[in-house]
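> Below you'll find the structure I mean.
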């Protein structure tokens, strides 16, 4: 079977991300690098998807911790465990895990094994670790 031709997502009739009010809505993300699906299977695709999401978030002055809702489309539900590990890694610095819905599908564009759609808070308030420690110390010492 011939390899799918690379494509420029900018030519598709969709937006990669749209901001409405205080939320960023992402179109489904595939493991694309320079218009081609990365090689290496589900793990490589997941890694690239999260890199792509982080890049889009940075352009909108947000971090992975801003994501509160995800929808994952898997072509093989046997990849659920691998997908969970990728989520643990991608959201390791987030104070909370995002909510998630996982859906098994027959196929995805370009023969991808996974597609992830996210919704994130626009410009979330993210206090530094030092400020959190200061607040915790104040809360402990300030109560009588």
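The values are calculated or read from the model by the stated rules, or taken from the named source; none is laboratory data. A quick note: this is a predicted structure, and the numbers were derived from the prediction, not measured. With ideal geometry, Cβ positions are generated from the backbone for all residues, glycine too; neighbour counts draw on all protein chains shown.
> Taking the stated definitions as given, is residue 57 part of a helix (DSSP H, G or I) and touching a strand residue (DSSP E or B) at 6+ places or on another chain (Cβ under 7 Å)?
Criteria met by residue 57.
> Quick one: in the range 36-54, of everything that is touching a helix residue (DSSP H, G or I) at 6+ places or on another chain (Cβ under 6 Å) and not in a helix (DSSP H, G or I), which residue is surrounded by the most Cβ atoms within 10 Å (Cβ to Cβ)?
Ranking the qualifying residues of the range 36-54, first place goes to 37.
> Considering (1) touching a helix residue (DSSP H, G or I) at 6+ places or on another chain (Cβ under 8 Å); (2) touching a residue at least 40 places away in the same chain (Cβ under 8 Å), say which one residue 94 fails and leave the rest.
With respect to (1) touching a helix residue (DSSP H, G or I) at 6+ places or on another chain (Cβ under 8 Å); (2) touching a residue at least 40 places away in the same chain (Cβ under 8 Å), residue 94 is out only on (2).
> What are the residues in the range 60-78 that are in contact with a strand residue (DSSP E or B) (Cβ under 7 Å, 6 or more places away or on another chain) and either surrounded by 19 or more Cβ atoms within 10 Å (Cβ to Cβ) or without any contact (Cβ under 8 Å) to a residue 12 or more places away in the chain (or both), if any? Give the steps one after another, and end with the answer.
So the first thing to find is which residues in the range 60-78 are in contact with a strand residue (DSSP E or B) (Cβ under 7 Å, 6 or more places away or on another chain), and the list is 60, 62, 66-74, 77.
62, 66, 67, 70, 72, 73, 74, listed by residue number.
> Okay, next question. Among the residues of the range 103-114, is any part of a strand (DSSP E or B), free of Cβ contacts under 8 Å to residues at least 40 places away in the same chain, out of contact with any helix residue (DSSP H, G or I) (no Cβ under 8 Å at 6 or more places or on another chain) and surrounded by fewer than 17 Cβ atoms within 10 Å (Cβ to Cβ)?
yes
> Quick one: in the range 25-35, of everything that is touching a helix residue (DSSP H, G or I) at 6+ places or on another chain (Cβ under 8 Å) and not in a loop (DSSP other than H, G, I, E, B), which residue is nearest to residue 63 (Cα to Cα)?
Of all residues in the range 25-35, those touching a helix residue (DSSP H, G or I) at 6+ places or on another chain (Cβ under 8 Å) come to 26, 29-33, 35.
Narrowing further to those that are not in a loop (DSSP other than H, G, I, E, B): 26, 29, 32-33.
On the way: 26: 14, 29: 16, 32: 20, 33: 20 Å.
For the range 25-35, the residue satisfying everything is 26.
> Here is a follow-up. Condition test on residue 86, is it at pLDDT 95 or above, within 12 Å of the chain's Cα centre (by Cα), part of a helix (DSSP H, G or I) and over 14 Å from residue 17 (Cβ atoms)?
Against the criterion (at pLDDT 95 or above, within 12 Å of the chain's Cα centre (by Cα), part of a helix (DSSP H, G or I) and over 14 Å from residue 17 (Cβ atoms)), residue 86 qualifies.
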